[in-house]
1. Would you say A:E69 is modelled with pLDDT under 85, of a type in the set (D, E, K, R) and either surrounded by 14 or more Cβ atoms within 10 Å (Cβ to Cβ) or in a helix (DSSP H, G or I) (or both)?
2. Taking interchain pairs and intrachain pairs at least six residues apart, which have beta carbon atoms under 7 angstrom, with the first residue in the stretch B:13-40 and within 19 Å of A:I23 (Cβ to Cβ) and the second surrounded by 13 or more Cβ atoms within 10 Å (Cβ to Cβ)?
3. Just the residues that are modelled with pLDDT of 85 or more and within 15 Å of A:K117 (Cα to Cα), please, taken from the stretch A:78-97.
4. When you scan the stretch B:41-151 for strands (runs of 3 or more DSSP E) that lie fully inside it, which ones turn up with 2 or more residues that are more than 9 Å from chain A (Cβ to nearest Cβ) and among the polar types (S, T, N, Q)?
5. How many of the residues in the stretch B:8-35 are assigned to a helix (DSSP H, G or I) and at the interface with another protein chain (Cβ under 10 Å from one of its Cβ atoms)?
6. When you go through B:K6, B:K40 one by one, which is the residue that is basic (K, R) and farther than 17 Å from A:T12 by Cβ?
7. Looking at this structure, is A:S129 surrounded by fewer than 14 Cβ atoms within 10 Å (Cβ to Cβ), modelled with pLDDT of 80 or more, part of a loop (DSSP other than H, G, I, E, B) and more than 9 Å from chain B (Cβ to nearest Cβ)?
8. Which residues, counting only those in the stretch A:1-56, are assigned to a helix (DSSP H, G or I), modelled with pLDDT under 80 and surrounded by fewer than 13 Cβ atoms within 10 Å (Cβ to Cβ)?
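The values are calculated or read from the model by the stated rules, or taken from the named source; none is laboratory data. These numbers come from a predicted model, not from an experiment. FYI the Cβ positions are ideal-geometry reconstructions off the backbone, even for glycines, and counts take in every protein chain you see.
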Amino acid sequence: MKALIKGERGSTQVIELVLIIPIFVLILYGSFEVWKVVSVKQSLDAAVGRLAQCLRLYHGGDDDRDRCESIIRMELGGNNLMDGSLELTIEYYDASDRQIPDPTDLSCNAIFTVEGKVKLPWDIPLVSSGDNMYLISKHTSFIECEPREELTP
Amino acid sequence: MVALVKDKRGAILVQTMVILPILVLVVFGGFEVWKVMSVKQSLTSGTSEAARYLSFNHRRGSDDRNIAEGIIYKELSNNDLIGNTSFVLDIRYYELSDDLELVRPIPDPTTLPCWTMFRVEAELRLPWTIIIPGLSPKSSFSITDRQVGKTFCR
């Protein structure tokens, strides 16, 4: 304390360190949080893209939607950051942005959008107050059927 | 002069003042790169869906081209980084040979005969200004994606 008051060289460096270390800890911690969120967002984007792709090709059977939805759950479940507790909502929209229950009911070549919404299983201090931090990803595709054009003989 | 050289007080503070702007620049630069990559991914996804749609749907005189272009717009709107803004998108079509050589630009791939290769090229002008230190702000930065399709017939 005496050294501090007298402003000795060693004490000045301690004060500088005390001021700077929290900034660097904050930067490091912030980077780690950003990386975690980006990682889950990337998994969600990939999963929703694959779900749209699956529904584009498979839309004939009764359980095609459920089978395709299992892809998104597997993809997100494969991300270790998701902690096993997956709160996921999947919604479908038609070309006019009206919500539809099942895109496999649409006719050939109809446009549809898949929206996947996942809740982050952890809190981000100063950003998410409580438990309401969600990530959303959307993909648009179409119901692919046979080629339409007849070949001219 | 010798005393000034030997005086180590405030060295960490000076170092921090030098490093902090670089760190901030790296963080914001990284964020800017991530934004562009995210939009590019949406553009690629939309263009590839449009090329696939046109490969299967190319009836002459139909609305198929507009529907395919609508897919690209919709896929870009799905990305929150660009979806809430008005963006300029230029879509061009080219006829390709079987060796994927460029034959000619075409106004509409639905006019092509069966089993012809074509290319969809979408150029998006980013709706935000990219500032690169040392250079003047670039407001007309655009990203392009090209996808190949083939007019499949029954």
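1. No.
2. Going by the 7 Å Cβ cut-off, the qualifying pairs are B:L13/A:E16; B:T16/A:I20; B:L23/A:I27.
3. Correct list: A:E87, A:L88, A:T89, A:I90, A:E91, A:Y92, A:Y93.
4. Answer list for the stretch B:41-151: B:142-150.
5. Total satisfying the criteria: 14.
6. None of the others qualify; the one that does is B:K40.
7. Taking the combined requirement at face value, the residue does not satisfy it.
8. Scanning the stretch A:1-56 gives A:K2, A:A3, A:L4, A:I5, A:K6, A:R9, A:G10.
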